[in-house]
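The values are calculated or read from the model by the stated rules, or taken from the named source; none is laboratory data. Since the model is a prediction, treat every value here as computed from it, not as a measurement. For neighbour counting, all protein chains shown are included, and Cβ atoms are generated from backbone atoms with ideal geometry for every residue, glycine included. The area values use the complete protein model at the heavy-atom level, side chains included, leaving out ligands, DNA and RNA. Shrake-Rupley method; radii C 1.70, N 1.55, O 1.52, S 1.80 Å.
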Amino acid sequence: MWDRTALMNGLAGALFAVAVVLALFVAWTLAGRLPVFALREVRIGGELAHVTRSEIERVVQRELRGNFLTLDLAAVSASFQRLPWVRKASVRRLWPARLDVALEEHVPLARWAGAALVNTQGELFQAAYDGALPVFIGPEGMAREIAIQFRYFRSSLETIGQTPVEVWVSPRRAWQLKLESGVTLALGREQVEARLARFVAVYDRTLAQLARRVDYVDLRYSNGFAVRLP
């Protein structure tokens, strides 16, 4: 074996590489313990309306383990994202001793069947909120689609002075809207946007002219709609 020069050179090279890695690891570990690398500042950024100072302080005190060099940025980011109102957290080091944390909050769009909140991206999240919000009800996994349709419903109905306060989608994907005025619109499963557009187009010269209150409008007709009076 000792006569095999190439094998011996390769073995020596491997041992040298291992020694270098170990030396670098030891140097990094020792350097990380020096006071000069202590984390001295944590700066929080973002437009925050719901995340509280006490929540942020708890995360900083509990999760920021290590110093500027050894801090696990992914773990810190995940800790901030576990806060109820935090949708996304970006964490980065800023030499020589600062940590910058950018927080993005959920923006509430609606309530999901009374059990959660829906943000403007159509994502569900759990948080306490006592403000007025419309209600979405539908099959599991439809929150994003309902959020997209809701924007169209809201902008369309705004032109006739109406506001949707509840969107309901049946298991068979049939759509219904409840308006702030108390009227329920049945849109069905097909041509949902076209049916609502037809209703909006004739509202001022039909329902708006009725002296009596309407509680239900069935738009599932090809050339008109049916009205139910209470």
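Residue-level check: of (1) in contact (Cβ under 8 Å) with a residue 24 or more places away in the chain; (2) more than 28 Å from Ala132 (Cβ to Cβ), Tyr221 misses just (1). Check Thr52, Thr29, Thr5 and return the single one that is more than 30 Å from Pro164 (Cα to Cα) and modelled with pLDDT of 80 or more. Testing whether each residue is more than 30 Å from Pro164 (Cα to Cα) and modelled with pLDDT of 80 or more leaves just Thr52.
The one condition from (1) part of a helix (DSSP H, G or I); (2) open to solvent by less than 70 Å² (accessible area, probe 1.4 Å) that Val118 does not meet is (1).
Of all residues in the range 209-230, which are outside any loop (DSSP other than H, G, I, E, B) and closer than 13 Å to Leu157 by Cβ? Outline the logic, then answer.
We begin by selecting, within the range 209-230, every residue outside any loop (DSSP other than H, G, I, E, B); these are 209, 216-218, 226-228.
Listed by number, the list holds a single entry, Val217.
So, Arg173, is that one at pLDDT 95 or above and in a loop (DSSP other than H, G, I, E, B) or not? It is true that Arg173 is at pLDDT 95 or above and in a loop (DSSP other than H, G, I, E, B). Name the single residue that is nearest to Phe150 (Cα to Cα) among those in the range 165-180 being over 25 Å from the mean Cα position of the chain (by Cα) and surrounded by fewer than 15 Cβ atoms within 10 Å (Cβ to Cβ). Applying the filter and picking the extreme gives Glu180. For the range 39-77, residues that are more than 18 Å from Phe125 (Cα to Cα) and outside any helix (DSSP H, G or I) total 18.
Checking the conditions here, which among Phe136, Phe80, Phe153 is assigned to a strand (DSSP E or B) and either open to solvent by 30 Å² or more (accessible area, probe 1.4 Å) or aromatic (Phe, Trp, Tyr) (or both)? Explain how you work it out, then say what you get.
On the way: Phe80 fails: assigned to a strand (DSSP E or B); Phe153 fails: assigned to a strand (DSSP E or B).
On inspection, the qualifying residue turns out to be Phe136.
In the range 184-205, the condition of being surrounded by 15 or more Cβ atoms within 10 Å (Cβ to Cβ), in a loop (DSSP other than H, G, I, E, B) and not aliphatic (A, V, I, L, M) is met by no residue.
Return the residues of the range 59-103 that are of a type in the set (D, E, K, R) and either within 22 Å of the chain's Cα centre (by Cα) or modelled with pLDDT of 95 or more (or both); say none if nothing qualifies. Full working, then the answer.
Of the range 59-103, the ones of a type in the set (D, E, K, R) are 62-63, 65, 72, 82, 87-88, 92-93, 98, 100.
Hits for the range 59-103 are Arg82, Arg87, Lys88, Arg92, Asp100.
Does Tyr152 fit the bill of being aromatic (Phe, Trp, Tyr) and over 28 Å from Ala116 (Cα atoms)? No.
Kindly evaluate Ile148 against the criterion of being closer than 18 Å to Leu196 by Cβ, surrounded by fewer than 18 Cβ atoms within 10 Å (Cβ to Cβ), in contact with a helix residue (DSSP H, G or I) (Cβ under 8 Å, 6 or more places away or on another chain) and touching a residue at least 24 places away in the same chain (Cβ under 8 Å).
Working: closer than 18 Å to Leu196 by Cβ: yes; surrounded by fewer than 18 Cβ atoms within 10 Å (Cβ to Cβ): yes; in contact with a helix residue (DSSP H, G or I) (Cβ under 8 Å, 6 or more places away or on another chain): no; touching a residue at least 24 places away in the same chain (Cβ under 8 Å): yes.
So Ile148 does not fit the description; no.
Here Ile160, Ile148 are screened, and the one residue that is farther than 30 Å from Gly66 by Cα, modelled with pLDDT of 95 or more, among the hydrophobic types (A, V, I, L, M, F, W, C) and under 26 Å from the mean Cα position of the chain (by Cα) is Ile148.
Name the pairs whose Cβ atoms lie under 7 Å apart, with the first residue in the range 186-212 and over 18 Å from Leu229 (Cβ atoms), the second at pLDDT below 95 and surrounded by 12 or more Cβ atoms within 10 Å (Cβ to Cβ), and 6 or more positions between them or separate chains? Final answer for the pair search is none. All conditions but one from (1) free of Cβ contacts under 8 Å to residues at least 12 places away in the same chain; (2) part of a loop (DSSP other than H, G, I, E, B) apply to Gln162; the one that does not is (1).
Taking each residue of the range 108-123 that is within 17 Å of Leu48 (Cα to Cα) and looking for partners that are of a type in the set (A, V, I, L, M) and open to solvent by less than 10 Å² (accessible area, probe 1.4 Å) with beta-carbon atoms closer than 6 Å, six or more apart or interchain, yields Pro108/Leu117; Leu109/Val118; Leu109/Ala147.
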